[in-house]
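So the structure is just underneath, and the comments pick up after that.
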Amino acid sequence: VDFEYSGDLIFIKVKLNNIPGEYRFIFDTGAAFNVISNKIAQKMGLKSLAESTIKDATKNTGKVKFCMIPRLTIAGIPFINTAAAIMDLNQSPWLRCYQIDGVAGMNLLRLVNNWQINYQSRKITFSDQKVLVDPSVNRLVIPFNRNIQRIPKINLHIHDQLKIKCTVDFG
């Protein structure tokens, strides 16, 4: 998957159902679920299946409607019936400036166990195989656990004195 890297964020192109064109999504390992803009949800005719109160990264809470995206395709690989929050992405000044159509969150990303992000080549490789890269490539491999929302977490131990729990958040 080719990606754009801007403002410390990874942007990927996705296709939705059989709608012509591609849509710009943030690849976000820190998001528990996918997000789709109100505009795109209306264009696709997606119906709200549930509503919930959520809290964002800045601790703001609000009511959000959830829908099911019948087919979300990344680099020709279809992901079928993935849930998404429907949000007005222009409501947030931070998100508005990125002109995105949605977010690929962990409820989608968890469906493929092995992801490799190569910032130099601006490519994400995903596979059901554990070994993704050429062993001669200089890389850092960090094993992680996931919380109940499937968001990756790592435990850092520095000189056996400092122990820190961190979220692996690429969004």
Segment HIS157-ASN18, length gained on full extension (0.36 nm per residue, minus Cα span): 45.3 nm
Potential lengthening between LEU49 and VAL112 on full extension [0.36 nm per residue; Cα-Cα distance subtracted]: 20.2 nm
Taking the Cα centre of segment 1-84 as origin and charging only Cβ (+1 Lys, Arg; -1 Asp, Glu), how large is the dipole, in debye to the nearest 20? 400 debye
Given a 1.4 Å probe, the accessible area of segment 35-81 per residue, as a whole number of Å², is 65 Å²
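If R₀ is 25 angstrom, what is the calculated FRET efficiency for the pair GLN120 and ILE77, using the beta carbon separation as r and rounding to 0.05?
Calculated value: 0.65.
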Considering the dipole of segment 1-92 built from charges on the beta carbon (Lys and Arg +1, Asp and Glu -1) around the Cα centre, which of LEU9, ASN38, PRO78 is farthest to its positive end? ASN38
Rounded if a/c is under 1.5, else prolate if a/b beats b/c, else oblate: with a ≥ b ≥ c from the C-alpha gyration tensor eigenvalues square-rooted, which is segment 1-97? oblate
Just to be sure I understand the model, the point goes 7 Å from the Cα along the line to the Cβ. What's the resulting TYR98 to LEU9 distance in nm? 0.3 nm
Going through the cross-link list LYS43/LYS63; LYS13/LYS163; LYS39/LYS59; LYS47/LYS165; LYS13/LYS65, which pairs have a Cα-Cα distance over 29 Å in this structure? LYS13/LYS163; LYS47/LYS165
Give me the percent of accessible area attributable to carbon and sulfur for segment 4-75, probe 1.4 angstrom. 50 percent
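The values are calculated or read from the model by the stated rules, or taken from the named source; none is laboratory data. Keep in mind it's a predicted model, so treat the numbers as computed, not measured. Note: ideal-geometry Cβ built from the backbone for every residue, glycine included; neighbour counts use all protein chains shown. The accessibility values were calculated without ligands, DNA or RNA, using every heavy atom of the protein model including side chains. Shrake-Rupley method; radii C 1.70, N 1.55, O 1.52, S 1.80 Å.
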